[in-house]
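The values are calculated or read from the model by the stated rules, or taken from the named source; none is laboratory data. What you see is a predicted model, and the numbers here were worked out from it, not measured in a lab. Neighbour counts run over all protein chains shown; Cβ positions are idealised from the backbone, glycine included. Keep in mind that these areas ignore ligands, DNA and RNA; they rest on the heavy atoms of the full protein, side chains included. Shrake-Rupley method; radii C 1.70, N 1.55, O 1.52, S 1.80 Å.
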Amino acid sequence: MYSVFRNLAIIILSAKFFGLVSRKFKAPQVVGEIIAGLIIGPCLLNLVHISDTISIFAEIGVVLLMFSTGLGTNLKELIKAGPIATLIACVGVAVPLAGGTLLYSLFYGFSALGSQEFYRALFIGTIMTATSVSITVATLQELGHLKSFLGTTIVSAAVIDDVIGIVVLTCVLGASSGTGTGLGKVLMNTVLFFATAIGVGIIAHFAMKWLDKRNPHTQRITIVSMAFCFAMAYIAEAYFGIADITGAYIAGIVLCTLEDAPYVERRVDISNYVLFAPIFFASIGLKTDISGLTPEILLFSVCFVVVALITKIIGCGLAAKICRFSWGDSLKVGVGMMTRGEVALIVAQKGLDIGVVDSVYFTAVILLIVVSSVATPLVLKALFTKMPVQPHPSQAKQ
């Protein structure tokens, strides 16, 4: 029992140390936290092993992470983005999904539609759909293009991409863990959940608005908001078979327009980023199994990274070109959308939980995050330097 406290101390200290080292090298902090898990876990030093307690802490971390993501969503900007960002996001999900499924099938054989092996292939594609735009935002801000039409389009498309990606994850998880029920029932459960979420969300939104006016900037708002987050996570999983992170994300979206939404987000971040999130990211390293890392898996990991990057560039870039961006700006959109981060890890973690993906494939996901996090800002800076932004036709009309 007491060994849990020792393990937590080692995880938190090592995760924060390597997170800071990672930031020193201009890489995302999450990369360092994952590396910490790899070092202290069975892969290297063998100091800490995954346990039920650590798994519970990690699950709380991922739920709060998605809740915080929902709270930070700018709903007005999301609505304003319109058909351009939506089309880019849709194609940016579809092409990597198809590319990842095809890649797995080419390596391990094509399987019958609806079989367990088919869902394994589909899940590899699902991992590729996620976009993490934080590094792109920082780069665009540095270059002075964050508030431009191009910058707004990239950021809005990335947010919509996450929403679509979560729906795809929900459907694939439900279908792959079902007992031969197929996609039809899963889609029905998904629709019912979102219908329920809208109804509950409207009531919760007005109730929280009333509470917020009476108790602005108080701990009560944070407490009730977190209770709502956990309740939605429970309802999603227990009653609809939907991933708990979906419920948490929807809870964040419901509350994102409150006046105190930034205040709640900061409060959630304090507890999450100090304790739960580092445990979640370190647990990825703890669960990563390199004992089964064969030359074939290593080759697959390299191909996984290449396909994941290229499919985002092609999918989002072509969609941007259809929306009448110049070829240069279309390429910038594609590159800006190719970064992967914590959402890809969350998706992979969910697949591991239900046995649809093996822990050895975390190597591929971690490699993708590291490569995309380093490559995206470098390529974006080069593109903006060599190819100036061209005015979009919609701006010329204004």
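In the range 326-339, the count of residues that are over 22 Å from VAL95 (Cα atoms) and either among the hydroxyl-bearing types (Ser, Thr, Tyr) or at pLDDT 85 or above (or both) is zero. Restricted to the range 77-114, and to residues there that are at pLDDT below 80 and of a type in the set (Gly, Ala, Ser), the residue that is surrounded by the most Cβ atoms within 10 Å (Cβ to Cβ) is ALA81.
Annotation: MET66 fulfils all but one of (1) at pLDDT 90 or above; (2) open to solvent by less than 20 Å² (accessible area, probe 1.4 Å); the unmet one is (1). Of the residues contained in the range 45-65, none is found to be in contact (Cβ under 8 Å) with a residue 60 or more places away in the chain, part of a loop (DSSP other than H, G, I, E, B) and more than 30 Å from ILE10 (Cα to Cα). One residue alone among ILE198, ILE250, ILE221 is of a type outside the set (Gly, Ala, Ser) and touching a residue at least 60 places away in the same chain (Cβ under 8 Å), and that residue is ILE250.
Restricting attention to the range 211-233, does a residue exist that is farther than 21 Å from GLU265 by Cβ and of a type in the set (A, V, I, L, M, F, W, C)? Show your work before the answer.
Quick first cut of the range 211-233, residues farther than 21 Å from GLU265 by Cβ only: none.
Checking the range 211-233: not a single residue is farther than 21 Å from GLU265 by Cβ and of a type in the set (A, V, I, L, M, F, W, C).
Using the structure shown, decide if THR257 is in contact (Cβ under 8 Å) with a residue 60 or more places away in the chain, out of contact with any Cys (no Cβ under 8 Å at 6 or more places or on another chain), hydroxyl-bearing (Ser, Thr, Tyr) and not in a helix (DSSP H, G or I).
On the way: in contact (Cβ under 8 Å) with a residue 60 or more places away in the chain: yes; out of contact with any Cys (no Cβ under 8 Å at 6 or more places or on another chain): yes; hydroxyl-bearing (Ser, Thr, Tyr): yes; not in a helix (DSSP H, G or I): yes.
Yes.
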